[in-house]
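The values are calculated or read from the model by the stated rules, or taken from the named source; none is laboratory data. Just so you know, these numbers come straight off a predicted model, no measurement behind them. Methodologically, a virtual Cβ is constructed for each residue, glycine included, from the backbone with ideal geometry; neighbour enumeration extends over all protein chains shown.
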Amino acid sequence: MLPANTRRGRGTKQGLLGAARTVFERDGYLEARITDIATEAGVAHGTFYAHFRSKPEIFLAVMADLWLRLVVPAPAEDGGLAPYDRVLASNSHFLSGYRDNARLFAVVEQETTTIENIQALRLQIHVDNATRVARAIRRWQRAGIAAPDVVAGDAATALIAMAGRSAYYWYVVEGRRTTRPEAETLTRLWLRGLGIAVPDKTNRRRNRQTEGV
């Protein structure tokens with residue numbers, strides 16, 4: 001059995017995470033078995049326990065990795081990007097990732113009360129994201145771009161919740177495959193809610209068509 005802290009051991013752990021994701025998407029959380037995850041990963045059953053103690057632990061590891069991948073790292077400054085372009089890029093990245101992993105997010109929604117510690121993980125991810133968004137809002141307020149009477153922390157929580165629930169209904173309930181119009185809608189709602197001006201939609205469409213010529 002390979003030690004978990006070696007290069008090959010870390011490779012085995014990543015293989016188990018990938019296998020677990022496949023099994024959870026295919027069978028759901030309750031029906032997924034550790035034996036099935038080990039078989040999918042091509043390792044012995046005992047190898048699983050060299051890296052994870054239980055099914056809940058590996059599920060949390062899969063979701064933690066996925067949630068973190070959906071967030072666009074925020075630079076210290078805006079890097080010259082207008083608020084609309086920056087928020088649109090972030091929302092597009094998030095929605096594309098959610099769409100591509102909709103089956104896994106459906107498992108989370110269906111088994112929220114069953115999966116150990118999933119709420120604690122969701123809270124941790126939310127707090128991290130809300131802190132990042134609130135920081136951007138305060139920076140825009142200092143620059144005179146966003147409305148000064150908006151409470152940055154509360155606005156960040158509301159905006160993130162709107163994005164998450166919208167993604168759930170669009171990609172899990174409705175099964176949509178598009179992301180561009182949805183990202184643009186979210187972005188306009190975000191910025192208008194913060195009192196930030198958004199570009200004219202007709203002009204943006206015309207500019208994209210011109211750039212594509």
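Brief remarks follow.
Residue-wise test of (1) within 16 Å of Arg86 (Cβ to Cβ); (2) touching a helix residue (DSSP H, G or I) at 6+ places or on another chain (Cβ under 6 Å); (3) modelled with pLDDT of 95 or more; (4) in the same structural domain as Thr187 (by TED's automatic domain parsing).
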{"site": "Arg103", "(1), (2), (3), (4)": "no, yes, no, yes"}
{"site": "Ala106", "(1), (2), (3), (4)": "no, yes, no, yes"}
{"site": "Glu111", "(1), (2), (3), (4)": "no, yes, no, yes"}
{"site": "Glu116", "(1), (2), (3), (4)": "no, yes, no, yes"}
{"site": "Gln119", "(1), (2), (3), (4)": "no, no, no, yes"}
{"site": "Gln124", "(1), (2), (3), (4)": "no, no, no, yes"}
{"site": "Val133", "(1), (2), (3), (4)": "yes, yes, no, yes"}
{"site": "Arg138", "(1), (2), (3), (4)": "yes, yes, yes, yes"}
{"site": "Gly144", "(1), (2), (3), (4)": "no, no, yes, yes"}
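- Residue within the stretch 149-163 that is modelled with pLDDT under 95 and surrounded by fewer than 17 Cβ atoms within 10 Å (Cβ to Cβ) present: yes
- For Arg176, the conditions (1) surrounded by 15 or more Cβ atoms within 10 Å (Cβ to Cβ); (2) at pLDDT below 95 are fulfilled apart from (2).
- Set Ala61, Ala120, Ala130: member being part of a helix (DSSP H, G or I) and loosely packed, with under 13 Cβ neighbours inside 10 Å: Ala120
- Number of residues in the stretch 133-155 that are without any contact (Cβ under 8 Å) to a residue 12 or more places away in the chain and either in a helix (DSSP H, G or I) or in contact with a strand residue (DSSP E or B) (Cβ under 6 Å, 6 or more places away or on another chain) (or both): the value is 3.
- Failed item in (1) surrounded by 13 or more Cβ atoms within 10 Å (Cβ to Cβ); (2) over 17 Å from Val108 (Cβ atoms), with Arg53 passing the rest: (1)
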